[in-house]
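Asker: Got a structure here, written out as structure tokens. Questions coming.
The values are calculated or read from the model by the stated rules, or taken from the named source; none is laboratory data. Computed from a predicted structure; not experimentally measured. Note that we place each Cβ from the backbone using ideal geometry, even for glycine, and neighbour counts take in every protein chain shown. Surface accessibility is based on the protein's heavy atoms, side chains included, excluding ligands, DNA and RNA. Shrake-Rupley method; radii C 1.70, N 1.55, O 1.52, S 1.80 Å.
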Amino acid sequence: MTLSTQTPIADAWSAFDAAAARDGQARIVDQFAADPGRLARMTVEAAGLYLDLSKQSWTREAFGTCLDLARAADVEGRRSALFAGEAINGTEGRAVLHPALRAARGSNFHALGEAVSSEVDAVRADMAAYAEAVRAGTETGATGKAFTAIVHIGIGGSDLGPRVVWDALRPLAPAIDLRFVANIDPRDMAEALTGLDPETTLVIVVSKTFTTQETLANAEAARAWLASALPEDGQDRHFIGVTAAPDRAKAFGCARTFAFRDWVGGRYSLWSAVSLSCVIALGPDVFDGLLAGAAAMDDHFAEAPLDRNAPVLMALAQIWNVDGLGRPARTVAPYAHALRRLPAFLQQLEMESNGKRVHRDGSPVTRQTCPVVFGEPGTNGQHAFFQQIHQGPQVVPAEFVIVRATHEDAPESPLWSNALAQGQALMLGKTTEQAHAELIASGADTAEADRLASHKTFPGNRPSTAIVMERVTPETVGALLALYEHKTFVEGVIWDINSFDQWGVELGKVLAKAILKDVAAGGPSDALDPSTAGLLSRLI
Ligand code: F6P
């Protein structure tokens, strides 16, 4: 026997590559007969969610090899470091402690050694008290009227999480009209304000840094809208800041702010005061349910062995597809109108976290990292891009989020039966012989069947994951979003990248400022490349 001179993680990647070369073409459907324990092995229940990864492209052996990779990457050790509040965001020297935000009251989390749970509990209590006062009409606007509408201003992580939550749970909030503004295009604000009365509208400006150009511009516009209609005295009651930089929010003019700390990443922040608008509109009890669902997923992630751990298995399926089988995209289809924003949320969560080209030590990655994530709710997506997923030459793994009863108590079988059918069609496909026979059976002559059979052939053997929940509740939504957060973290650990910074968005921000300077100066500066200078001259 020759002993490997590689590190354990390099050995694990070598074994992974060998498994991919050996098993990558195996037919998924055949694996059920080859391994009678497949369904039990590759399904897992966690925090009210049922996950089925048995339609993924792995054999039993490859599944084991992927688990070995997770072990070799020390997922368990890194997971402990996350929950212990160590500086796992190495480039910014920060802890990453969103689980502390949703832990039961009286917990004992530490960020870089500093106890944080009592502060978390205090902010949560402040939010609840403020929300109850707004809902009861005791916290009023400048003219003494109760608030009936909220305009939530924020972008990226200060927008997408609360939007998913609101869209998912809004039937639970009959009384308050909550609207979101993210885009710096004034049309977004104009549409959000349509029909609203400044006297009864609360504006909540959400920005972790309180420096984001889009958010500050929209906040100025909203303030002007309030100021044009309200007496000066009491205007500040309409204008609330949510931020990790309370001094900046104060300087901007927010008399009242709700704070969170720098160990809350923007795209992981929906569990904090960032969701104040939802806490008010949905009520603190609903928000508590969301937090409890996420905390249940935290407990599962922290305690379940790797081979029964939902976020770990989801992460491994993605890594197997991306790095083993060369599939650089994944589609997510929530089969529930309530979850229609999930793909947009996941785009930021996954692509901003794991769209990285260097390892934690700064050396270049030698493997692919985050795939392109895209999606639409089902069944809408079926009538748009699913053609490509069934018959395009690239294999695009699919993820179906399935809700048994999406509306009131009726099991929405037309909805979820479509999701099941898609997963089945992707896996089974249809051979040319089958297509030919069907054409003949439907009355085509042989020449016609010969001509059309290849067009009606489905290669099949295309992977999918199903995530099933009984209903869209605060708890299941919390668990689902936390599942994806931990999945993203595990992928980052295995790719050995920092999932918690986002330097890639900075360059564009800096250049946009420079272009605005050129606009103010009346034309392109000499420093601009000819293409950008031409575009600027056309637009100015
Ligand atoms: O530009 C990207 C980003 O920094 C995201 O990471 C963040 O969620 C978003 O902008 C908004 O930032 P902020 O909450 O500081 O306004």
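Asker: Counting DSSP beta bridges with both partners in the chain, what percentage is antiparallel, nearest 5? Kindly include the intermediate steps, with their values, before the conclusion.
Answerer: Values: 14 of 48 bridges.
Given both bridge residues lie in the chain, the antiparallel proportion sits at roughly 30 percent.
Asker: I've got another one for you. If you count the DSSP beta bridges with both ends in the range 98-290, what percent of them are antiparallel, to the nearest 5?
Answerer: Details: 3 of 21 bridges.
In the range 98-290, DSSP labels about 15 percent of beta bridges as antiparallel.
Asker: In whole Hz and in residue order, list the ³J(HN,Hα) couplings for the range 153-164 that follow from phi through the Karplus curve 6.51 cos²θ - 1.76 cosθ + 1.60, θ = phi - 60°; x for Gly and Pro.
Answerer: Coupling constants for the range 153-164: 10, x, 9, x, x, 8, 9, 5, x, x, 5, 4 Hz.
Asker: Please identify every one of the GluC sites (Glu not before Pro) in the range 197-293 that sits in a loop by DSSP and has no more than 13 other beta carbons within 10 Å of its own beta carbon.
Answerer: Sparse-neighbourhood loop GluC sites (Glu not before Pro): 232.
Asker: Work out which trypsin sites (Lys or Arg not before Pro) in the chain are exposed loop sites (DSSP not H, G, I, E or B, at most 15 other Cβ within 10 Å) and give the longest gap free of them. All intermediate terms of the calculation are to be shown ahead of the outcome.
Answerer: Details: sites that count: 27, 105, 145, 357, 367, 456.
No qualifying site falls inside 146-356, the longest such stretch.
Asker: Convert each backbone phi in the range 215-220 into a coupling constant with the Karplus relation 6.51 cos²θ - 1.76 cosθ + 1.60 (shift: θ = phi - 60°), then list the ³J(HN,Hα) values in order as whole Hz, x for Gly and Pro.
Answerer: Per-residue couplings from phi come out as 5, 5, 5, 5, 5, 4 Hz.
Asker: Just the number please: accessible area per residue for the range 422-486, 1.4 Å probe, all protein chains included, in Å². Walk me through the numbers on the way to the answer.
Answerer: On the way: 2830 Å² over 65 residues.
Per-residue accessible area for the range 422-486 comes out at 44 Å².
Asker: Next question. Using only C-alpha positions, report the orientation-averaged shadow area of the convex hull of the chain, nm², one decimal.
Answerer: Working: hull surface 126.6 nm².
It is 31.7 nm².
Asker: Can you tell me the dipole magnitude for the range 98-290 around its Cα centre, using point charges on the Cβ only (Lys, Arg +1; Asp, Glu -1), in Debye to the nearest 20?
Answerer: 300 debye
Asker: What residues from the range 124-153 fall in the zone where the backbone N is under 15 Å from a label point 7 Å along the Cα-to-C-beta line of residue 175?
Answerer: Only 128-141, 145-150 pass the distance filter.
Asker: Right, something else. For residue 430, list long-range residues whose amide hydrogen, built 1.01 Å from N in the peptide plane, is under 5 Å from its own amide hydrogen.
Answerer: 458, 460
Asker: Between helix 117-136 and the chain, what is the angle of the helix's C-alpha long axis to the longest principal axis, kept within 0 to 90° and rounded to the nearest 10?
Answerer: Taking Cα atoms only, the helix is inclined about 70 degrees.
Asker: What shape does the range 333-472 take by its C-alpha gyration tensor, where a ≥ b ≥ c are the square roots of the eigenvalues and a/c under 1.5 counts as rounded, a/b above b/c as prolate, and the rest as oblate?
Answerer: Numbers: a/c = 3.23, a/b = 1.38, b/c = 2.33.
Note, shape of the range 333-472 comes out oblate.
Asker: If you count only protein heavy atoms and use a 1.4 Å probe, how large is the accessible surface of residue 177, to the nearest 10 Å²?
Answerer: Taking all protein chains as shown, residue 177 has close to 60 Å².
Asker: So how much accessible area does residue 14 have, in Å² to the nearest 10, using a 1.4 Å probe?
Answerer: Rounded to the nearest 10, that gives 50 Å².
Asker: Measuring from label point to label point, each 7 Å out along Cα→Cβ, what is the residue 33 to residue 516 span in nm?
Answerer: The two pseudo-label positions are separated by 6.5 nm.
Asker: Through the Karplus equation 6.51 cos²θ - 1.76 cosθ + 1.60, θ set to phi - 60°, convert the phi angles of the range 381-395 into ³J(HN,Hα) values in whole Hz; use x for Gly and Pro.
Answerer: x, 4, 9, 10, 9, 5, 3, 5, 6, 7, 10, x, x, 7, 8
Asker: For the range 98-290, just say rounded, prolate or oblate: build the C-alpha gyration tensor, square-root its eigenvalues into a ≥ b ≥ c, call rounded for a/c under 1.5, and beyond that prolate if a/b exceeds b/c, oblate if not. Working shown, then result.
Answerer: Values: a/c = 1.61, a/b = 1.41, b/c = 1.14.
It is prolate, given that a/c is not under 1.5 and a/b is the larger ratio.
Asker: Once fully extended, how much extra length lies between residue 383 and residue 50, figured as 0.36 nm per residue of separation less the alpha-carbon to alpha-carbon distance?
Answerer: Details: separation 333, 0.36 × 333 = 119.88 nm, distance 2.65 nm.
Between residue 383 and residue 50, full extension yields an extra 117.2 nm.
Asker: While we're looking at this one, here's another question. Report, by chain and number, residues whose modeled amide H sits under 5 Å from the one on residue 111, excluding near sequence neighbours (fewer than 5 apart, same chain).
Answerer: 116
Asker: Once R0 is set to 60 Å, what does the formula 1/(1 + (r/R0)^6) return for the Cβ-Cβ distance between residue 250 and residue 25, expressed as a FRET efficiency to the nearest 0.05? Spell out each step's value before the answer.
Answerer: Details: r = 61 Å, r/R0 = 1.02.
It comes out at approximately 0.50.
Asker: Let me ask something else. For the range 272-421, evaluate the Debye formula with one uniform point scatterer on each Cα (no solvent term) and list log10 I(q)/I(0) at q = 0.16, 0.19 Å⁻¹, rounded to two decimals.
Answerer: -1.16, -1.40
Asker: Something else now. Using a 1.4 Å probe on the protein heavy atoms, what percent of the accessible area of the chain belongs to carbon and sulfur? Display every interim value, and only then the final one.
Answerer: On the way: 12530 of 23130 Å².
Reported share for carbon and sulfur atoms: 54 percent.
Asker: May I pose another question? Once you charge only the Cβ atoms, +1 for Lys and Arg and -1 for Asp and Glu, what is the size of the charge dipole of the chain about its Cα centre, to the nearest 20 debye? Please list the in-between numbers first.
Answerer: Numbers: 47 positive and 64 negative charges, 87 e Å.
Dipole magnitude for the chain comes out near 420 debye.
Asker: Given a 1.4 Å probe, how much area per residue of the range 98-290 is accessible, in Å²? Let's see the in-between values first.
Answerer: Working: 7260 Å² over 193 residues.
Per residue, the range 98-290 has an accessible area of 38 Å².
Asker: Quick one: which residues, 5 or more positions from residue 470 or on another chain, have an amide H under 5 Å from its amide H? H modelled 1.01 Å from N in the peptide plane, none for Pro or chain starts.
Answerer: Counting only residues 5 or more places away or on other chains, the set is 404.
Asker: Right, something else. What value, in deg cm²/dmol to 500, does the helix sum -39500 (n - 2.57) over DSSP H runs of n ≥ 4 give at 222 nm once divided by the residues of the chain?
Answerer: Value at 222 nm, helices only: -13500 deg cm²/dmol.
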